[in-house]
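Engineer: Have a look at the structure that comes next, please.
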Amino acid sequence: MPTQLANDNTNEIRAKIAYNGEILITYIDHNITFEDLLHEIYVICRFAPNQLFTMKWVDEEGDPCIISTQMELDEALRLYELNRDNEITIHGKFVATLFCYAMQQCIKL
């Protein structure tokens, strides 16, 4: 379930989710797993249960970087902390065709 209200927990990261022309704000734990992030995005973007989608975060140079594995998520969070950013921006985009094995895992949530 999305954590849309901030609290004083310093283990939380403000996540700005861009989807379908809207900007949605949620808070995620520094140690979030890829599967938990998928679920968070499913809920906040109101994707249908079997909807496949891609996630991309925006790096410090403004480039979109795909998040499709735990390793890619860990790198995004590492750079977030290294750069001392005040939030991480994630773009969600639904896809009509099969994207990759990692995206197939979304269906199982």
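Engineer: Any chance you could run the full-extension gain for R78 through I25? It's 0.36 nm times the residue separation minus the Cα-Cα distance, nm to one decimal.
Structural biologist: The span from R78 to I25 would gain 17.1 nm if fully extended.
Engineer: Taking amide H atoms as placed 1.01 Å from N in the peptide plane, list the residues 5 or more away in sequence, or in a different chain, whose amide H sits under 5 Å from that of I13.
Structural biologist: HN-HN under 5 Å from I13: I28, D29, H30.
Each reported figure results from applying straightforward, stated rules to the coordinates on display, with no laboratory input. Quantities reported herein were computed from a predicted structural model and do not represent experimental measurements.
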